[in-house]
Amino acid sequence: MRVSFASATDTGLQRSVNEDDLSVREDLGLFVVADGMGGHVAGEVASKAAIEGIVAFVEATVSMSPDQTWPFPFDPALSANGNRLAAGFRMGNRRLSTMTASSPELRTMATTAVAVLIDGGTLTLAHVGDSRIYRLRRGTLERLTCDHSWVEERVRAGLLSEDQARNHRDRHIVTRAIDGRENLEIDIEELALEPQDRLLLCSDGATAVLTDDEIREVLSRDSSLNDLCNALVQGANDGGGPDNVTAIVLEINAV
């Protein structure tokens, strides 16, 4: 497997602190974006702590196989990589729990997170909240995650249209987040990769402004991955986006 990647982040038009965070670990095949919530400092702390937990666990278990003794309950319904990501998310969640217990000013902090682990021709993804993962394949854009948000639930129920959800006053309310509480629920999925697939991991600072058609147009360009990342961030800012914007773009060169 050969993968090219680029990343970009920006504080947005109305923010002085970037509550987003990201990690690109080509050596592990691991890429993560997190979008913190909870105020001036708390959101920044939450996204960083969650990512540190995810990366630390995946790094510590990189050489483990399903027939070994794992340092956590192994879910037989998931692959080894699915278990690694799920446990990594829980480790990040545990870090937030420890920090909030000792620092009252951080008790409202939480973060969304999306992560992909690339192993050979298989993509394992994990997801909590309303940050997103997209795949562009042969000109067709597909969203690989389903937002854990109030408006998304109403879109799925047929109570709101996509356009109504995009402009709804409650569009930023998430129904699931890494917040230090017990019983964190994580969406895990595995997909086959193909050469020339392009993947986008991004915070909702991008998707609250850019439509899926606009994202597809950018990702379809014959440009460097750095240019694509910067175009997504700039497009969100040009559209008046007030929030932090973070994007990682990956291209699968060979499987």
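The values are calculated or read from the model by the stated rules, or taken from the named source; none is laboratory data. Since the model is a prediction, treat every value here as computed from it, not as a measurement. FYI the Cβ positions are ideal-geometry reconstructions off the backbone, even for glycines, and counts take in every protein chain you see. Accessible surface is based on the protein model in full, side chains and every heavy atom, while ligands, DNA and RNA are left aside. Shrake-Rupley method; radii C 1.70, N 1.55, O 1.52, S 1.80 Å.
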Task: Shape of segment 1-121, Cα gyration tensor, a/c cut at 1.5 - done: oblate
TODO: Principal axes first, then extents: for the Cα atoms of the chain, list largest minus smallest coordinate on each axis, whole Å, largest first.
DONE: 50, 48, 36
Task: Distance histogram in 5 Å bins (all Cα pairs of segment 189-241, percent per bin) - done: 4, 18, 30, 23, 14, 8, 3, 0
TODO: In a Gaussian network model over the chain where Cα atoms closer than 10 Å are linked, find which of A157, A165, A113 has the largest mean-square fluctuation.
DONE: A157
Open item on the list: Tell me the Rg and the Dmax, in Å, that the Cα atoms of segment 115-236 produce.
Closed with: 15.1, 45
Open item on the list: Rolling a 1.4 Å sphere over the protein heavy atoms, what is the accessible area per residue of the chain, to the nearest Å²?
Closed with: 46
Task: Cα→Cβ-extended label distance, 7 Å offset, between T140 and R25, nm - done: 3.3
Open item on the list: When a/c reaches 1.5 or more, the comparison of a/b and b/c decides; with that in mind, is segment 154-219 rounded, prolate or oblate per its Cα gyration tensor?
Closed with: oblate
TODO: Any chance you could check the Cα centroid distance between segment 97-147 and segment 196-249 for me, in angstrom?
DONE: 16
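Can I get the semi-axes of segment 114-185's equivalent ellipsoid? Compute them from the C-alpha gyration tensor as square roots of 5 times the eigenvalues, in angstrom, largest first.
That gives 24, 19, 8 Å for the three semi-axes.
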Open item on the list: Nearest 500 deg cm²/dmol is fine: what mean residue ellipticity at 222 nm does the chain get from its DSSP H runs of n ≥ 4 alone, each adding -39,500 (n - 2.57), divided by its residue count?
Closed with: -10000 deg cm²/dmol
Open item on the list: Using 0.36 nm times the number of residues separating D212 and E185, minus their current alpha carbon distance, what extension gain do you get?
Closed with: 7.1 nm
Open item on the list: Test of understanding: in a Gaussian network model of the chain with alpha carbons linked when under 10 Å, which of D20, D197, D35 would top the mean-square fluctuation ranking?
Closed with: D197
